[in-house]
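Structure first, commentary second.
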Amino acid sequence: MSAAEPLESDVRYTEPEGLGLLRRRAPGQSVMEELLEVRGHRDPRGPVARAFGLHLLDAASRPWYWGALGERAVGRTLAALGPEWTVLHAVPVGERSADIDHVVIGPTGVFVLNTKRHPGQRIWTAKGTFMVAGTRHPYIRNSDHEAARAGKLLSAAVRQSVTAEAAIVVVGAQQVTVKEKHRSVTVLTESQLLRWLTRRPVVHTPQQVALLAAAAAQPSTWRRTPSALRDPVEVARSFDGLHRLVEQARRRRICWLLAVPATVLASAVGVLPF
């Protein structure tokens with residue numbers, strides 16, 4: 001769909017009563033729900049474990065937690081887009097538990113964003129390859145597939161040809177090296193995202209943006225049998241409670257790590273008795 005293509009006169013997409021629920025989805029909602037289902041939001045540790053700041057998250061729940069932090073960070077960045085843009089988060093797609101991290105619709109196109117949080121890591125990408133600290137990940141292939149599926153589903157919903165562009169948004173990496181641009185997937189950092197979205201040529205009229213946004217907001221566009229959607233406020237509140245506990249534990253571990261060398265040093269110089 002481009003600005004040169006007029007809207008079909010018989011295509012008018014209005015939101016049925018009670019739908020449009022995807023507009024309310026919180027950034028990272030799907031991974032937050034998965035995390036809370038696996039881990040819960042209460043602190044199961046005893047007093048001693050809490051005092052020493054032992055980890056709350058095990059190996060199974062940690063990736064969900066990191067993913068939620070990354071998607072929430074990108075969500076905050078996307079919130080700076082103007083009213084001519086529609087941003088949907090954690091869009092359930094297909095008949096399983098898959099979702100699209102962010103669907104962005106505006107004057108410059110339709111974009112499917114895949115958030116990847118790799119704090120302190122070095123990223124290298126070229127020729128369909130995406131490496132994190134020397135380890136290969138299938139992010140390029142997955143993002144390409146996501147965009148193709150999004151374009152197909154939106155095309156069916158509005159009965160016009162829609163092309164969705166894919167991007168991988170890297171959060172927190174120490175370095176991102178794009179040795180060679182990919183044919184159909186853009187790799188960029190969180191700080192580059194808004195410029196990449198807004199500095200492109202305008203391809204959609206306001207009417208086309210409104211049509212696409214209305215269709216994209218319907219759960220039935222993405223799934224033949226949409227599942228019940230949880231209250232994003234409730235999910236975010238539970239995650240925030242868990243996040244506070246994780247941060248509290250991290251700060252306590254840091255305090256202990258700093259306190260032990262200081263105690264040893266003080267003992268060595270005679271400030272404290274052995």
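The values are calculated or read from the model by the stated rules, or taken from the named source; none is laboratory data. Everything quoted here is computed from the prediction, not taken from an experiment. Neighbour counts are summed over all protein chains in view; Cβ atoms, including those assigned to glycine, are modelled from backbone coordinates with ideal geometry. For the accessible areas, the whole protein counts, side chains as well, though only heavy atoms, and no ligand, DNA or RNA atoms are used. Shrake-Rupley method; radii C 1.70, N 1.55, O 1.52, S 1.80 Å.
Quick one: pull the percent of accessible area on region 57-202 belonging to carbon and sulfur, 1.4 Å probe, ligands and nucleic acids left out. The partial results should precede the final answer.
Details: 3550 of 7030 Å².
In region 57-202, the share of accessible area belonging to carbon and sulfur is 51 percent.
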- What ranking do 189-195, 224-230, 166-172 get when scored by the average of other Cβ atoms within 10 Å per residue, highest first? 166-172, 189-195, 224-230
- Rough spin-label spacing in nm, given labels placed 7 Å along Cα→Cβ, for T135 and T163: 3.6
